[in-house]
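Participant: Could you have a look at this structure, given as structure tokens, before my questions?
The values are calculated or read from the model by the stated rules, or taken from the named source; none is laboratory data. These numbers were taken from a predicted model, which means no experiment stands behind them. With ideal geometry, Cβ positions are generated from the backbone for all residues, glycine too; neighbour counts draw on all protein chains shown.
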Amino acid sequence: MTYLVAHKIKAERLTATGYGATEPYNDTEAGRKFSCRTKFKVVSR
């Protein structure tokens, strides 16, 4: 989020939620390394 705020996105428009433990990329040791991914959802313009 720091990057987005630094590039003029208002912090009050952003939320962050971690899902790594509850929604892993896939349930293998190699897949868990990728669970630190980022998803964006545009809700309005």
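Participant: Filtering region 1-11 down to residues that are among the aliphatic types (A, V, I, L, M) and assigned to a helix (DSSP H, G or I), which residue is modelled with the highest pLDDT?
Facilitator: Keep residues of region 1-11 that are among the aliphatic types (A, V, I, L, M), which gives 1, 4-6, 9, 11.
With the extra rule that they be assigned to a helix (DSSP H, G or I), the set shrinks to 4-6, 11.
Numbers: Leu4: 90, Val5: 93, Ala6: 96, Ala11: 90.
Among those that are among the aliphatic types (A, V, I, L, M) and assigned to a helix (DSSP H, G or I), it is Ala6.
Participant: Identify all residues within region 12-43 that are of a type in the set (S, T, N, Q), farther than 18 Å from Met1 by Cβ and modelled with pLDDT of 75 or more; write none if there are none.
Facilitator: Across region 12-43, the qualifying residue is only Thr28.
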